[in-house]
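The values are calculated or read from the model by the stated rules, or taken from the named source; none is laboratory data. Small disclaimer: the values here were computed from a predicted structure and weren't measured. Don't worry about glycine lacking a Cβ; one is built from the backbone with ideal geometry, like all the others, and counts go over all protein chains shown. Areas reflect the complete protein model, heavy atoms only, side chains present, ligands, DNA and RNA absent. Shrake-Rupley method; radii C 1.70, N 1.55, O 1.52, S 1.80 Å.
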Amino acid sequence: MENDAAPETVRPCAGRTGIVLSRQGRMARVQIRESRQCAACSCSTPQVRDHSPPTRILTVVNTVDAEVGRHVRIVDSSRAAVAAPAVLFGIPLLGMLCGALGAYWITPFPSEDLNALIGAAAGLAFGVAGARLTASSRFAGPEHSPQAVEILSDPKDSLP
């Protein structure tokens with residue numbers, strides 16, 4: 001039951017496997033083993049740490065209609081993986097450059113360097129706010145979430 005429409009990416013959750021804990025509509029909560037990359041990832045929430053090994057809970061789109069207790073393979077959305085760097089780095093960088101150049105040309109203070117520095121800081125702040133708004137409005141749907149794309153038959157296949 002593989003779905004070739006969702007290629008794997010290089011994010012920490014990509015290519016992981018886990019056990020479906022619950023389902024709600026098209027979404028499922030999947031328990032995955034925690035790895036070193038999970039500490040920097042915001043796509044999952046930590047579980048109780050006294051388990052051996054530590055686990056995380058990940059909300060995924062259940063494209064294969066897996067039942068609770070089944071082992072599934074998880075891949076990330078290719079759209080989110082391509083667009084995320086542009087939004088998270090491009091918009092703040094563009095804001096910083098526009099702020100620095102705008103303040104340099106407007107020159108409210110006698111020092112050109114001070115104008116550029118204050119403009120860059122203001123532009124960066126507006127760019128970060130713009131990136132957050134863009135990310136929350138454009139990448140909030142299930143098409144940008146990790147997806148369960150395969151039901152694994154053997155529990156040994158569920159090891160990451």
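Quick notes on this structure:
- Note on Leu21: accessible area approximately 70 square angstrom, rounded to 10, probe 1.4 Å, nucleic acids and ligands left out.
- Here Glu112 sits with roughly 100 square angstrom of accessible surface, probe radius 1.4 Å.
- For a modelled paramagnetic label at Ser137, 7 Å from Cα along Cα-to-Cβ, no residue of segment 62-103 is in reach, as no backbone nitrogen comes under 13 Å.
- Carbon/sulfur fraction of accessible area - segment 98-144, other protein chains in place, 1.4 Å, %: 69 percent
- Using the Karplus relation 6.51 cos²θ - 1.76 cosθ + 1.60 with θ = phi - 60°, the per-residue 3J(HN,Hα) values for segment 92-104 come to x, 5, 4, x, 5, 5, 5, x, 5, 5, x, 5, 5 Hz, with x marking Gly and Pro.
- Residue-level accessible surface for Arg16, protein heavy atoms, 1.4 Å, Å²: 20 Å²
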